[in-house]
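For reference, the structure is listed below as C-alpha cells.
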Amino acid sequence: MITINFQRVRVDDVSLGMAVFSLMSSVFDEPLCDHSPAYVEKRLRREDCWAIAAIEDRAPIGGLTAFTLPMTRSQLDELLIYDLAVLPTHQRRGTGRRLIQTVQGLAADAGIETSWVPVANEDSHALDFYRSMGGTPNPVTIFTFDRD
C-alpha cells in the first residue's frame, strides 16, 4: 500500500516548495512560473503563508496554499485557503480532503478556528468538493483591480 504524507512546507525545504508551486500551476493549466529559490524561500519564511504538500513516493502529488488573515472585528485570525490542487491522476482519492483536514488541524493548533476559501461560481467541481467537506457557501462577489 502506498502512503501519502501531508506536511507543511517549511523554509528548510525550498526545493519541495518549488515543486509544489509548479505542480499547482500545472494542475491549474497556467503557464509554469519559474519560481526562483529566493522567491520560494521568501514566501516560506513567512509564518502567515501556509504551503501544505501531499507527498507520495518522495514527490508532491498535491498542494494547498493559505494565508493567515488578522481580523479587526475581533481579536482572532482566520485562514484564507487560496489554492488547492491535486494531480489529475490522484484526484477523487481523498487527497484534497486530507489537504484541507491537515491545514485545518495545523491552523487549530495555532489558535485559528475559522478557515474559508473563495470559489468561482462556474467551478462546479470545486463547489461540490467544498460542500462535501461541510463548507457553507456564502454569496459574495469579489472584485479584482489590476493595474493598467
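Annotation: Ser26 fulfils all but one of (1) under 29 Å from Asp128 (Cβ atoms); (2) among the small types (Gly, Ala, Ser); (3) over 14 Å from the mean Cα position of the chain (by Cα); (4) open to solvent by less than 60 Å² (accessible area, probe 1.4 Å); the unmet one is (4).
Have a look at Ser74, Ser15 and point out the one that is farther than 28 Å from Gly94 by Cβ, without any contact (Cβ under 8 Å) to a residue 60 or more places away in the chain and loosely packed, with under 12 Cβ neighbours inside 10 Å. Even if it seems obvious, please write down each step before you answer.
Values: Ser15 fails: farther than 28 Å from Gly94 by Cβ.
Of the residues listed, the single one that is farther than 28 Å from Gly94 by Cβ, without any contact (Cβ under 8 Å) to a residue 60 or more places away in the chain and loosely packed, with under 12 Cβ neighbours inside 10 Å is Ser74.
State which residue is nearest to the chain's Cα centre (by Cα) when the search covers only the range 1-23 and only residues that are more than 16 Å from Leu84 (Cβ to Cβ) and assigned to a loop (DSSP other than H, G, I, E, B). My answer is Arg10. For the range 125-148, filtering for residues that are surrounded by 10 or more Cβ atoms within 10 Å (Cβ to Cβ), basic (Lys, Arg) and assigned to a loop (DSSP other than H, G, I, E, B) leaves 0. Of the listed requirements (1) free of Cβ contacts under 8 Å to residues at least 40 places away in the same chain; (2) more than 28 Å from Glu113 (Cβ to Cβ); (3) within 16 Å of the chain's Cα centre (by Cα), Leu79 misses just one: (2).
When you look at Phe67, is it modelled with pLDDT of 95 or more, touching a Leu at 6+ places or on another chain (Cβ under 7 Å), open to solvent by 60 Å² or more (accessible area, probe 1.4 Å) and closer than 24 Å to Tyr130 by Cβ, yes or no?
Numbers: modelled with pLDDT of 95 or more: yes; touching a Leu at 6+ places or on another chain (Cβ under 7 Å): yes; open to solvent by 60 Å² or more (accessible area, probe 1.4 Å): yes; closer than 24 Å to Tyr130 by Cβ: yes.
So Phe67 fits the description; yes.
Out of all the residues in the range 81-89, is one or more open to solvent by 30 Å² or more (accessible area, probe 1.4 Å), part of a helix (DSSP H, G or I) and not charged (D, E, K, R)? Within the range 81-89, one or more residues are open to solvent by 30 Å² or more (accessible area, probe 1.4 Å), part of a helix (DSSP H, G or I) and not charged (D, E, K, R). Residue by residue through the range 115-124, note down the ones that are without any contact (Cβ under 8 Å) to a residue 40 or more places away in the chain and either surrounded by 11 or more Cβ atoms within 10 Å (Cβ to Cβ) or assigned to a loop (DSSP other than H, G, I, E, B) (or both). Answer for the range 115-124, where residues must be without any contact (Cβ under 8 Å) to a residue 40 or more places away in the chain and either surrounded by 11 or more Cβ atoms within 10 Å (Cβ to Cβ) or assigned to a loop (DSSP other than H, G, I, E, B) (or both): Trp116, Val117, Pro118, Val119, Ala120, Asn121, Glu122, Asp123.
Can you name the residue in the range 29-38 that is touching a residue at least 12 places away in the same chain (Cβ under 8 Å) and part of a loop (DSSP other than H, G, I, E, B) and is also surrounded by the fewest Cβ atoms within 10 Å (Cβ to Cβ) among such residues? Please lay out each step first, then the result.
Residues of the range 29-38 touching a residue at least 12 places away in the same chain (Cβ under 8 Å): 33, 35, 37.
Next, from what is left, pick out any that are part of a loop (DSSP other than H, G, I, E, B): 33, 35.
On the way: Cys33: 11, His35: 18.
Ranking the candidates gives Cys33 first.
Beta carbons closer than 7 Å, at least 6 apart along the sequence or on distinct chains, never pair a first residue in the range 126-148 that is touching a residue at least 60 places away in the same chain (Cβ under 8 Å) with a second that is surrounded by 10 or more Cβ atoms within 10 Å (Cβ to Cβ). Looking across Ile61, Ile100, Ile112, one residue alone is aliphatic (A, V, I, L, M), part of a helix (DSSP H, G or I), modelled with pLDDT of 95 or more and within 17 Å of the chain's Cα centre (by Cα). It is Ile100.
The values are calculated or read from the model by the stated rules, or taken from the named source; none is laboratory data. From a predicted model like this one, the values you see are computed outputs, not experimental measurements. Using ideal geometry, Cβ is built from the backbone for each residue, glycine included, and neighbour counts are taken over all protein chains shown. Keep in mind that these areas ignore ligands, DNA and RNA; they rest on the heavy atoms of the full protein, side chains included. Shrake-Rupley method; radii C 1.70, N 1.55, O 1.52, S 1.80 Å.
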